[in-house]
1. Looking at the structure I just gave you, is E106 surrounded by fewer than 20 Cβ atoms within 10 Å (Cβ to Cβ), under 16 Å from Y38 (Cβ atoms) and touching a residue at least 60 places away in the same chain (Cβ under 8 Å)?
2. Are any of the residues in the range 221-239 in a helix (DSSP H, G or I) and touching a strand residue (DSSP E or B) at 6+ places or on another chain (Cβ under 9 Å)?
3. Limited to the range 162-174, what total is found for residues that are open to solvent by less than 10 Å² (accessible area, probe 1.4 Å), more than 8 Å from the chain's Cα centre (by Cα) and over 15 Å from A65 (Cα atoms)?
4. Please name all residue pairs, on different chains or six or more residues apart, with Cβ atoms under 8 Å, provided the first residue is in the range 177-203 and is away from the ligand (no atom under 14 Å from the Cβ) and modelled with pLDDT of 75 or more and the second residue is outside any loop (DSSP other than H, G, I, E, B) and open to solvent by 70 Å² or more (accessible area, probe 1.4 Å).
5. Looking at P275, P300, can you tell me which residue is under 23 Å from W127 (Cβ atoms) and open to solvent by 10 Å² or more (accessible area, probe 1.4 Å)?
6. Among the residues of the range 118-136, are any within 16 Å of the ligand (Cβ to nearest atom), open to solvent by 10 Å² or more (accessible area, probe 1.4 Å), within 21 Å of E309 (Cα to Cα) and among the polar types (S, T, N, Q)?
7. All but one of (1) assigned to a helix (DSSP H, G or I); (2) more than 12 Å from the ligand (Cβ to nearest atom); (3) open to solvent by less than 50 Å² (accessible area, probe 1.4 Å); (4) more than 24 Å from L285 (Cα to Cα) hold for E81; which doesn't?
8. If only one of L208, L222, L230 is in contact with a helix residue (DSSP H, G or I) (Cβ under 9 Å, 6 or more places away or on another chain) and either open to solvent by less than 10 Å² (accessible area, probe 1.4 Å) or free of Cβ contacts under 8 Å to residues at least 12 places away in the same chain (or both), which one is it?
Amino acid sequence: FKPSQAPQPPAKPNRSKSEHVKTELAQVVVDAKTGRSYCKGKLLGKGGFARCYEMTDLANNKMYAVKVIPQSRVSKPHQREKIINEIELHKSLQHKHVVKFSHHFEDQDNIYIFLELCSRKSLAHIWKARHTLTDPEVRYYLKQIISALKYLHNKGILHRDLKLGNFFVNENMDLRLGDFGLAAKLETVEQRKKTICGTPNYLAPEVLNRRGHGTESDVWSLGCVMYTLLCGNPPFETLDLKETYKCIKEVRYSLPRSLIPSAQKLISAVLQKDPSDRLTLDQILAHEYFTKGFTPEKLPPSSCVMMPELNP
Ligand code: ADP
């Protein structure tokens, strides 16, 4: 499903190991067209095609998160098209809860995509440290995710890969939706490509049944995200992928009694098999889980690793 799971292309035979090491260690990257130079900092993470580094613009000390994609990984036209699609789509987005796209360029070795730096990484990192979040925290993050998602859906764009690792958090604890590698323009039911893409655990039943991905399928994934943050594990996790798919198709999951009733009600209203039975994003925001519960204005950075004390 992800490029990382695709067979790796063999290393270029005509390139010596020392040359590889040299490009890996190169500390300064220059955009030949603008003449700007950037200093490569720490590795933020590795993805399917890319490694992501902190980089500093040497002219003004501005810091970015930069996706570095080796040319060797995009040598085939369809691989290149995927990256170009991601760049063009991301470039067209401007919203306070979407990772800001700055600019991009390429040299002989790599394509560089300059993004707003989200120094606290993602909800996946917070979830790893915390395992479960409190209701006020979940409301805080979900409201920002929904705001970004409404913006995308209004523009006729589906994200198609909503998962904890794609909800980035900046220094100020604001959430930013990112990674548009699988995003696509919304098509009519007939036009939809019926290929399965996205993260297995959060795939909607209609996507598994090859009916294509609609805005409702993003809403399903959002329900899975909410479940995971409150319960500590994904709703349809089993040891076997086939079994997970069966559970998804039958919407077989359990709601822990520890969840407050409005959370249980909201999750079950979102995880509906028939896409037309699912709540819309506006209905989710109008649900008692949000209207009758407290949402903090801001979360303390310590909540990335410790349960916060939040008072209405
Ligand atoms: P993936 O293929 O997993 O979607 P990406 O190439 O989008 O991966 O990103 C790889 C890693 O780089 C992510 O897991 C994340 O830790 C980090 N990362 C990506 N974008 C940003 C950003 N804007 N700010 C901080 N870290 C980022």
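The values are calculated or read from the model by the stated rules, or taken from the named source; none is laboratory data. Note that the structure is predicted; figures quoted are calculated from it, not measured. Quick reminder, even Gly has a Cβ in these numbers, built from the backbone with ideal geometry, and neighbours come from all protein chains shown. Ligands, DNA and RNA are stripped out before the accessible areas are found, and what is left, the full protein with its side chains, is counted by its heavy atoms. Shrake-Rupley method; radii C 1.70, N 1.55, O 1.52, S 1.80 Å.
1. Taking the combined requirement at face value, the residue does not satisfy it.
2. Going through the range 221-239, the residues in a helix (DSSP H, G or I) turn out to be 221-231.
Right, trim to touching a strand residue (DSSP E or B) at 6+ places or on another chain (Cβ under 9 Å) and you get 225.
Looking for residues that are in a helix (DSSP H, G or I) and touching a strand residue (DSSP E or B) at 6+ places or on another chain (Cβ under 9 Å), one finds at least one in the range 221-239, hence yes.
3. 1
4. none
5. Among P275, P300, only P300 is under 23 Å from W127 (Cβ atoms) and open to solvent by 10 Å² or more (accessible area, probe 1.4 Å).
6. no
7. Result: E81 fails condition (3) only.
8. L222
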